[in-house]
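The values are calculated or read from the model by the stated rules, or taken from the named source; none is laboratory data. Given the structure is predicted, the values throughout are model-derived calculations rather than measurements. Neighbour counts run over all protein chains shown; Cβ positions are idealised from the backbone, glycine included.
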Amino acid sequence: MTVIQTCALPEQAFLSKYAEGGGYTDCFVIEMAGQISLAAFVEAFYTTWLFKLERALLVLAAKPSTDLQAKELAAGTRSTFAAWIVEERAEHQLLMCDLTTRTRSWFMIAATTRGTRRATLLFFGSAVTATINEATGEETIGPIFHSLMGFHRIYSKALLHATRSRLNRTG
């Protein structure tokens, strides 16, 4: 699996609790040769050239961040990063929540083998929690989030691609 694929959330995924109701969840995966730790995955993700563009925009919202802070978050010695806080962490997963509590970012690794070759599956997913539409009483992510979903899916795959490239370079 050398291409980034859309997949169902694994059963044990921290993000699964947001898959119910009117919210939105997604999950992307790519396989990389060798053993990659969750810390290496998270640090690479938040320090890619592409995510640094998002970090630059967050400076305008008074939510600056540094590569050192990304490394500390990845290592488990920091619980905040830019506009996110750690919601849940385990040896192979990390779930981040934005400060508005509307969105989540999720990372997970899983070891796998292909014949005699060891590999790591890198999972990345997102969630947007629903709110109640006062006119209809239905749970919905709302028109703004809904209109951004196409871009979001492309951006998520691009972030995972940039992460893979960074891991290959630092590797």
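Summary table below
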item: Tally, over the range 67-103, of residues that are in a strand (DSSP E or B) and small (G, A, S); result: 1
item: Qualifying residue in the range 94-101 (condition: more than 23 Å from G142 (Cα to Cα) and modelled with pLDDT of 95 or more); result: yes
item: Count of the range 39-66 residues which are within 19 Å of H161 (Cα to Cα) and in a helix (DSSP H, G or I); result: 15
item: So F14, is it of a type in the set (F, W, Y), closer than 21 Å to L167 by Cβ and touching a residue at least 40 places away in the same chain (Cβ under 8 Å); result: no
item: Hits in the range 4-39 (condition: of a type in the set (A, V, I, L, M) and more than 14 Å from the chain's Cα centre (by Cα)); result: A8, A19, M32, A33, I36
item: Selection count, the range 10-29, where residues are in contact with a helix residue (DSSP H, G or I) (Cβ under 6 Å, 6 or more places away or on another chain) and crowded, with 20+ Cβ neighbours inside 10 Å; result: 1
item: Hits in the range 40-71 - residues which are surrounded by 16 or more Cβ atoms within 10 Å (Cβ to Cβ) and charged (D, E, K, R); result: E43, R55, K63, K71
item: Every pair of residues 6+ apart whose Cβ atoms lie under 7 Å, when the first sits in the range 65-84 and is among the polar types (S, T, N, Q) while the second is outside any loop (DSSP other than H, G, I, E, B); result: S65/R55; S65/L58; S65/F81; Q69/F81; S79/I85; S79/V86
item: Set A158, A162, A135, A127: member being in a loop (DSSP other than H, G, I, E, B) and either modelled with pLDDT of 95 or more or aliphatic (A, V, I, L, M) (or both); result: A135
